[in-house]
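Below is one structure; the comments refer to it alone.
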Amino acid sequence: MTSTSETAPRIIPRAEHNISRANISRNAVKVLYRLKDAGYQALLVGGGVRDLLLGLQPKDFDIATDASPEQVRDLFGNCRLIGRRFRLAHVRFRDEIIEVATFRGPGSGDMDGDDRRVLDEAGRILSDNSFGTLEEDAWRRDFTINALYYNIADFSLIDHVGGMADIMARQLRLIGDPETRYREDPVRMVRAARLAAKLGLSIAEDSAGPVARLASLIDAVPPARLFDEFLKVFQTGHALASYELLQRLGLFEHLFPLTAMWLGRDARAGGFIEAALANTDRRVAEGLPVTPMFLFAVFLWGPVRDRAAEIQAAEEISEIQALAIAAAELTELQVQRVALPRRFSVPMREMLQLQPRFVRRQGKRAQALLTHKRFRAAYDLLLLRAAAGEAPQDLADFWTEVQGQDEAEQRKSFGGGGSRRGGSGASRRRRRRPAQRDALGTSS
């Protein structure tokens, strides 16, 4: 556990920093002023302050205060309290939620009191309803660049932990003893990789050093929590950089162990995964939708394919049947590390099972594939496989070309297969949504 410093905080006046109220959410400013006018401390903190200092547009604006959650609720009729591990106030506006947290303290450890902080045997925080002072709150935060406070009273910045120096050095540094902080919450190791990749920062040597040794602590984190972190890592526009850093720090193998083993035995796997991540980043940058179903399919394709080959060699079943068995088996193993809700896992398995059907190019069944609800996602995976040299390029070209054809051309391409009604339906659908070679990560 960290301890506070006796050194006075650095106060950075408005003239010496670039944060302006004009760049802060109007709703956040309203909350700050109402807290201040009620006699409470009211400070913008966390990623909102960090991003503004780095010249970025924050996604969220979080507030810290000495008001208790109940006092915050009394001030705002549009407020509700949430959280069991640590109570928070959510002030709800029509298009935004402003999160207000009471300053956190070190906790008493008294199991019978409200002011308690409970750890498990490995040092992981289980419960944390402990309130404190601004200084204690600063030392309880994870990274120095996330512990800078913008004071609405005089527009200054308050820095207890050297966060401004790390902002200037573009460096990510953990507050306190790194090993203790990682043991408190192993997800901090993944967050370090994610924030460094997202913000283009280097990780301080003292903060990066213990990660490889402590990486196995990730194995005990609840899978549902790691799914939430997966979405932040891989679906917010910096997936490739995050993946490369997770690999370098020895963390990826604890999130996707089956994929890590595949990377170790197949020289083409790395390029296959990196191409998918780069295209995911491009889609995010273009404002196009992405789905966790697709990247999970990318990560599991090699392991599922190899396991299906083993099953098919041992049993007299089709490739599609073997893929179905392998996909179910390995998905069950993977979700023990990173959860994947059924609304994603079921269609993911379907798109994996469709891969052998692309080989058939003639007849009604081949033409019917165009109308399958998972066709687009499965087609995108085929494009990746072809780019990696695992599937024939002419096969990918065929399915690309046939989607842009009219009804008569499609019937000719499929050798006259398919009824006029079925062909017409497929043709209309393709003309509405023509496939693009770089449209990876779509869902239907």
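On the basis of being hydrophobic (A, V, I, L, M, F, W, C) and closer than 30 Å to ILE218 by Cα, does LEU369 make the cut? Considered against the rule, which asks whether it is hydrophobic (A, V, I, L, M, F, W, C) and closer than 30 Å to ILE218 by Cα, LEU369 comes out as no. Here is the figure for segment 359-397: residues that are over 21 Å from ALA275 (Cα atoms) and in contact (Cβ under 8 Å) with a residue 12 or more places away in the chain total 14. If you go through segment 214-248 and keep only what is over 27 Å from PRO58 (Cα atoms), assigned to a helix (DSSP H, G or I) and of a type in the set (A, V, I, L, M), you end up with LEU214, ALA215, LEU217, ILE218, ALA220.
Every residue, every condition in (1) in a helix (DSSP H, G or I); (2) outside the structural domain of ALA241 (by TED's automatic domain parsing); (3) of a type outside the set (A, V, I, L, M); (4) farther than 28 Å from VAL284 by Cβ, yes or no:
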{"site": "GLY176", "(1), (2), (3), (4)": "no, yes, yes, yes"}
{"site": "GLU179", "(1), (2), (3), (4)": "yes, yes, yes, yes"}
{"site": "TYR182", "(1), (2), (3), (4)": "yes, yes, yes, yes"}
{"site": "VAL190", "(1), (2), (3), (4)": "yes, yes, no, no"}
{"site": "LEU195", "(1), (2), (3), (4)": "yes, yes, no, no"}
{"site": "LYS198", "(1), (2), (3), (4)": "yes, yes, yes, no"}
{"site": "ASP206", "(1), (2), (3), (4)": "yes, yes, yes, yes"}
{"site": "ALA212", "(1), (2), (3), (4)": "yes, yes, no, yes"}
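Of the strands (runs of 3 or more DSSP E) that lie entirely inside segment 20-107, those containing 3 or more residues that are buried (at least 16 other Cβ atoms within 10 Å of the Cβ) and either in contact (Cβ under 8 Å) with a residue 40 or more places away in the chain or assigned by TED's automatic domain parsing to the domain that holds PHE131 (or both) span 42-45, 62-65, 88-93, 96-102. In segment 283-336, of all residues being assigned to a helix (DSSP H, G or I) and either β-branched (Val, Ile, Thr) or outside the structural domain of VAL233 (by TED's automatic domain parsing) (or both), the one that is surrounded by the fewest Cβ atoms within 10 Å (Cβ to Cβ) corresponds to ILE320. Under the condition of being in contact with a helix residue (DSSP H, G or I) (Cβ under 9 Å, 6 or more places away or on another chain) and basic (Lys, Arg), the residues counted in segment 17-74 number 4.
The values are calculated or read from the model by the stated rules, or taken from the named source; none is laboratory data. All values derive from a computational prediction rather than experimental measurement. Please note: Cβ atoms are built from the backbone with ideal geometry, for glycine as well, and neighbour counts cover all protein chains shown.
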